[in-house]
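Visitor: Sending over a structure as structure tokens; questions will come in a sec.
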Amino acid sequence: MKILAIESSCDETAAAVVEDGRKVLSSVVASQVEEHRLYGGVVPEIASRRHAEAIVPVVSQALEQAKLALDDIDALAVTYAPGLIGALLVGVNFAKGLSLSTGLPLVPVHHLRSHIASNYISNQELKPPFLCLVVSGGHSHIVMVEDYTKMKIIGRTRDDAAGEAFDKAARTMGMPYPGGIELDKVAESGDPRAFKLPRPTVHDAPYDFSFSGLKTAVINLLHNSAQKGVELNKADVCASFRYAVVDCLCTNFLKAADDLNVDKLVIAGGVSANSLLRRTLFEECEKRGFKFYMPDKSLCGDNAAMVGAQGYYEYLAGKTAGTDLNAYATMSIEE
Ligand code: KG4
Ligand code: ZN
């Protein structure tokens, strides 16, 4: 079954053709990041307008790359929640129009579910159940993936998402948006124990995260030293901050796996590209005899191939929508 998938939840307009949820026949991503960089973050109004301009050429390119026509497609999948509402609406409305004109079934896909599904492309043997750490710019969840379309939230952030904390720390150090990627690179040459940063926990919720205190701690460290005219080693600050965030993520994730008796661990979302997170979990899982899966780095960020992968399983579960489909800025992954 060939699915044409569309993604427009944030600042990437993407389309892909995916066969049977696992085989990527084409994947096109048009990024707006250069333009948003001028403002230090995503400007929703600009994002919507750029999606409106890019959606037709991106979808056409995805079909062309797959050497297919619309006649060869069996279903359409589209990200409908969560995300920037104006951005989501561009993809949803386009997909609805396409469904109406072609008669193809339309499958709505939850953005975080699709991040998880990027793993079905990168790890062909992977099947639920497993425990997944979903870490992106807007979310940080520990999710029990009981089946392809049945998920339970085990832990979540109480304030900032991991990616947001990375981006804000990076911005304070003058790195361009989205700074998480550069912070990760600079951290590679630094000493992770150079600066002591807190490891905030949430009382009575061992699987929940809290990153805002950690973010404030590193921002205060940078501001205080600037006021005193002391120049800190940037690589050491990046390494210490990255170590603290990854430590919080891994501690709770591994504890949840132990407590729930799960030995199959998966990571997903933009932050799953983080080198230290990948290395640490790989080593910790090896020590414990757990199976560990991660998406290819090229599939960690927003793309439509992952939407096609999850869309396939949503379709098999009977989840299709009519032309009254709406987009939603927030929605639980459990729904
Ligand atoms: O999943 P994603 O592409 O978009 C959302 O759904 O939010 O995640 C983007 C986030 C950004 O905050 C970005 O800085 C972060 O993922 N990110 C990273 C790395 N690569 C991307 N954070 C830390 N280390 C990385 N290597
Ligand atoms: Zn995302």
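Visitor: Restricting to the range 292-332, name every residue that is more than 24 Å from Met1 (Cβ to Cβ) and not in a helix (DSSP H, G or I).
Guide: Residues satisfying the conditions are Phe292, Met294, Cys300, Gly301, Asp324, Asn326, Ala327, Tyr328, Ala329, Thr330, Met331, Ser332.
Visitor: Another question, then. Specify which of the listed residues (Arg193, Arg242) is closer than 22 Å to Arg278 by Cβ, open to solvent by 80 Å² or more (accessible area, probe 1.4 Å) and out of contact with any strand residue (DSSP E or B) (no Cβ under 9 Å at 6 or more places or on another chain).
Guide: Unique residue meeting the criteria: Arg193.
Visitor: Pairs, please: C-beta under 9 Å, at least 6 apart or cross-chain, first residue without any contact (Cβ under 8 Å) to a residue 24 or more places away in the chain and in the range 215-231, second open to solvent by 80 Å² or more (accessible area, probe 1.4 Å)?
Guide: If the second residue must be open to solvent by 80 Å² or more (accessible area, probe 1.4 Å), the pairs left are Ser225/Glu231.
Visitor: For the range 78-120, name all the residues that are polar (S, T, N, Q) and either on the phi > 0 side of the Ramachandran plot or within 16 Å of ligand 1 (Cβ to nearest atom) (or both). Full working, then the answer.
Guide: So the first thing to find is which residues in the range 78-120 are polar (S, T, N, Q), and the list is 79, 93, 99, 101-102, 114, 118-119.
Matches in the range 78-120: Thr79, Ser114, Ser118, Asn119.
Visitor: When the range 296-326 is examined, which residues are found to be within 16 Å of ligand 1 (Cβ to nearest atom) and either closer than 26 Å to Ala256 by Cα or open to solvent by 50 Å² or more (accessible area, probe 1.4 Å) (or both)?
Guide: Matches in the range 296-326: Asp296, Lys297, Ser298, Leu299, Cys300, Gly301, Met306, Gln310.
Visitor: Would you check if there is a residue in the range 287-295 being of a type in the set (Phe, Trp, Tyr), open to solvent by 50 Å² or more (accessible area, probe 1.4 Å) and on the phi < 0 side of the Ramachandran plot?
Guide: Within the range 287-295, the subset of a type in the set (Phe, Trp, Tyr) is 290, 292-293.
Now drop any that are not open to solvent by 50 Å² or more (accessible area, probe 1.4 Å), which leaves none.
Scanning the range 287-295, I find no residue that is of a type in the set (Phe, Trp, Tyr), open to solvent by 50 Å² or more (accessible area, probe 1.4 Å) and on the phi < 0 side of the Ramachandran plot, so the answer is no.
Visitor: Taking the options Leu281, Leu232, name whichever one is in contact with a helix residue (DSSP H, G or I) (Cβ under 7 Å, 6 or more places away or on another chain) and under 30 Å from Ser31 (Cα atoms).
Guide: Leu281
Visitor: Filter the range 1-58 down to the residues that are basic (Lys, Arg) and more than 16 Å from Leu76 (Cα to Cα), then identify the one that is farthest from ligand 1 (Cβ to nearest atom).
Guide: So the residue we want is Arg49.
Visitor: Inside the range 248-262, can you point out the residues that are at negative phi and open to solvent by 50 Å² or more (accessible area, probe 1.4 Å)?
Guide: Selection gives Thr251, Lys255, Asp258, Asp259, Leu260.
Visitor: Here's another thing I want to ask about it. Take the range 123-140 and flag every residue that is within 16 Å of ligand 2 (Cβ to nearest atom) and open to solvent by 20 Å² or more (accessible area, probe 1.4 Å).
Guide: Step one: list which residues in the range 123-140 are within 16 Å of ligand 2 (Cβ to nearest atom), which gives 132-140.
Gly137, Gly138, His139, listed by residue number.
Visitor: Just a yes or no: is a residue in the range 275-286 open to solvent by 10 Å² or more (accessible area, probe 1.4 Å), of a type in the set (Val, Ile, Thr), part of a helix (DSSP H, G or I) and within 12 Å of ligand 1 (Cβ to nearest atom)? Steps first, please.
Guide: So in the range 275-286, the residues open to solvent by 10 Å² or more (accessible area, probe 1.4 Å) come out as 275-276, 278-280, 282-284, 286.
Those left that are additionally of a type in the set (Val, Ile, Thr): 280.
Filter once more, so that each one left must be part of a helix (DSSP H, G or I): 280.
From what is left, the residues that are within 12 Å of ligand 1 (Cβ to nearest atom) are none.
No: zero hits.
For (1) within 16 Å of ligand 1 (Cβ to nearest atom); (2) closer than 29 Å to Asp296 by Cα; (3) surrounded by fewer than 16 Cβ atoms within 10 Å (Cβ to Cβ), each residue gets a yes or a no:
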{"site": "Glu182", "(1), (2), (3)": "yes, yes, no"}
{"site": "Lys185", "(1), (2), (3)": "yes, yes, yes"}
{"site": "Asp204", "(1), (2), (3)": "no, no, yes"}
{"site": "Leu214", "(1), (2), (3)": "yes, yes, no"}
{"site": "Lys264", "(1), (2), (3)": "no, yes, no"}
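The values are calculated or read from the model by the stated rules, or taken from the named source; none is laboratory data. All values derive from a computational prediction rather than experimental measurement. With ideal geometry, Cβ positions are generated from the backbone for all residues, glycine too; neighbour counts draw on all protein chains shown. The area values use the complete protein model at the heavy-atom level, side chains included, leaving out ligands, DNA and RNA. Shrake-Rupley method; radii C 1.70, N 1.55, O 1.52, S 1.80 Å.
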